[in-house]
Ligand SMILES: NC(=O)c1ccc[n+]([C@@H]2O[C@H](COP(=O)([O-])OP(=O)(O)OC[C@H]3O[C@@H](n4cnc5c(N)ncnc54)[C@H](OP(=O)(O)O)[C@@H]3O)[C@@H](O)[C@H]2O)c1
């Protein structure tokens, strides 16, 4: 039995960067929010900011380290009492290092968060809401989830997973006439805390390191364009920085005679 009749949009990784701005963008549209990350103080600040501008929007804070599998299931369980409408798997981080040199403890945490948590949360949301009108799952990949970037091979491979999983799920939902839509956002360089974490530094200058980048607010506006569209993919062109909406990009064996017969 759901305690609340209100509908909520869940955003993971809402304590900074793209997730933070996305929470504000959905609040401006009147969406009630469930915001989650590890840093409670940032989430508290975000909630206060939203409630100052949009007092009617309900904001629920959930803190969780989603690189730990049991916390992922626990978070989903805690949300069972709410009606959910949109789920945005945004929490994630990157790493710039060769495969030979990369810190495997960091990589393990990255794979747990970027792949495992995203897969578990997507699957549980689909299981409960695939046949509910107007539901959407948006997974945040990267343009590195469509092109391999030197010095970020493992991060890109993880984001290829995110892109392929979201695109495949979009086909699966469509082919079963489900009401839910699955989508994938693929940002290029965006000025957030990503640069610091991916490079293991306390300071990171996007002007020096990239020159061209989007702000997190611009990225949240692209995410809203994707949310409003009938397309599956929202991707930033890594060379021109233009944002494009498109159908799925990977090859799909939907009509192959060589698929397993049921
Ligand atoms: N910025 C870019 O250039 C760029 C480009 C392409 C794709 N992306 C993707 O965009 C997404 C958002 O990143 P961002 O750029 O906004 O970076 P960010 O500012 O570092 O935000 C990352 C968010 O993930 C959360 N997070 C990190 N580790 C976590 C954990 N163990 N458990 C739960 N939450 C965790 C962080 O919150 P806490 O630290 O409070 O837990 C934070 O809210 C990521 O999936 C990233 O891969 C970013």
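Before we move on, is residue 72 touching a residue at least 24 places away in the same chain (Cβ under 8 Å), more than 14 Å from the ligand (Cβ to nearest atom) and buried (at least 16 other Cβ atoms within 10 Å of the Cβ)?
no
I'd like the residue in region 29-49 that is over 16 Å from residue 87 (Cα atoms), within 14 Å of the ligand (Cβ to nearest atom) and in contact (Cβ under 8 Å) with a residue 24 or more places away in the chain and, out of all such residues, is surrounded by the fewest Cβ atoms within 10 Å (Cβ to Cβ).
39
Restricting attention to region 152-159, does a residue exist that is within 15 Å of residue 138 (Cβ to Cβ) and not in a loop (DSSP other than H, G, I, E, B)? Steps first, answer last, please.
Taking region 152-159 as the starting set, the residues that turn out to be within 15 Å of residue 138 (Cβ to Cβ) are 159.
Remaining after also requiring not in a loop (DSSP other than H, G, I, E, B): 159.
Checked against the condition, which is being within 15 Å of residue 138 (Cβ to Cβ) and not in a loop (DSSP other than H, G, I, E, B), region 152-159 yields at least one hit.
Considering only residues that are over 17 Å from residue 129 (Cβ atoms) and within 16 Å of the ligand (Cβ to nearest atom), which ones fall in region 168-192?
184, 185, 186, 187, 188, 189, 190, 191, 192
Among the numbered criteria (1) assigned to a loop (DSSP other than H, G, I, E, B); (2) away from the ligand (no atom under 16 Å from the Cβ); (3) free of Cβ contacts under 8 Å to residues at least 60 places away in the same chain, which one does residue 81 miss?
For residue 81, the failing item is (3).
Quick check, is residue 147 at pLDDT 95 or above and either more than 14 Å from the ligand (Cβ to nearest atom) or in a helix (DSSP H, G or I) (or both)?
So residue 147 does not fit the description; no.
Can you tell me which of 94, 145 is surrounded by 20 or more Cβ atoms within 10 Å (Cβ to Cβ) and out of contact with any strand residue (DSSP E or B) (no Cβ under 8 Å at 6 or more places or on another chain)?
Working: 145 fails: out of contact with any strand residue (DSSP E or B) (no Cβ under 8 Å at 6 or more places or on another chain).
One residue alone meets the criteria, 94.
Hey, any hits in region 50-64 for a residue that's within 14 Å of the ligand (Cβ to nearest atom), at pLDDT 95 or above and not in a strand (DSSP E or B)?
Yes, region 50-64 contains a residue that is within 14 Å of the ligand (Cβ to nearest atom), at pLDDT 95 or above and not in a strand (DSSP E or B).
Which condition number in (1) within 12 Å of the ligand (Cβ to nearest atom); (2) under 17 Å from the mean Cα position of the chain (by Cα) is the one that residue 96 fails?
Tallying (1) within 12 Å of the ligand (Cβ to nearest atom); (2) under 17 Å from the mean Cα position of the chain (by Cα), residue 96 fails exactly one: (2).
Out of curiosity, is residue 124 under 12 Å from residue 10 (Cβ atoms), part of a helix (DSSP H, G or I) and more than 15 Å from the ligand (Cβ to nearest atom)?
On the way: under 12 Å from residue 10 (Cβ atoms): yes; part of a helix (DSSP H, G or I): yes; more than 15 Å from the ligand (Cβ to nearest atom): yes.
It is true that residue 124 is under 12 Å from residue 10 (Cβ atoms), part of a helix (DSSP H, G or I) and more than 15 Å from the ligand (Cβ to nearest atom).
Whether any residue in region 12-23 is within 24 Å of residue 181 (Cα to Cα), within 16 Å of the ligand (Cβ to nearest atom), assigned to a strand (DSSP E or B) and touching a residue at least 12 places away in the same chain (Cβ under 8 Å) is what I want to check. Walk me through how you get there before you give the answer.
We begin by selecting, within region 12-23, every residue within 24 Å of residue 181 (Cα to Cα); these are 12-14, 18-23.
Checking which are within 16 Å of the ligand (Cβ to nearest atom) leaves us with 12-14, 18-23.
Remaining after also requiring assigned to a strand (DSSP E or B): 12.
From the residues that got through so far, the ones that are touching a residue at least 12 places away in the same chain (Cβ under 8 Å) too are 12.
There is at least one residue in region 12-23 that is within 24 Å of residue 181 (Cα to Cα), within 16 Å of the ligand (Cβ to nearest atom), assigned to a strand (DSSP E or B) and touching a residue at least 12 places away in the same chain (Cβ under 8 Å).
Looking only at region 205-221, which residues are closer than 15 Å to residue 96 by Cβ and either more than 11 Å from the ligand (Cβ to nearest atom) or out of contact with any strand residue (DSSP E or B) (no Cβ under 9 Å at 6 or more places or on another chain) (or both)?
If the condition is that a residue be closer than 15 Å to residue 96 by Cβ and either more than 11 Å from the ligand (Cβ to nearest atom) or out of contact with any strand residue (DSSP E or B) (no Cβ under 9 Å at 6 or more places or on another chain) (or both), then 205, 208, 209 are the ones that fit.
Here is a list: 205, 230. Which entry is closer than 21 Å to residue 29 by Cβ and exposed (fewer than 13 other Cβ atoms within 10 Å of the Cβ)?
It is 230.
The values are calculated or read from the model by the stated rules, or taken from the named source; none is laboratory data. Given the structure is predicted, the values throughout are model-derived calculations rather than measurements. A quick note on method: Cβ atoms are made from the backbone with ideal geometry, for glycine too, and the neighbour counts reach across all protein chains shown.
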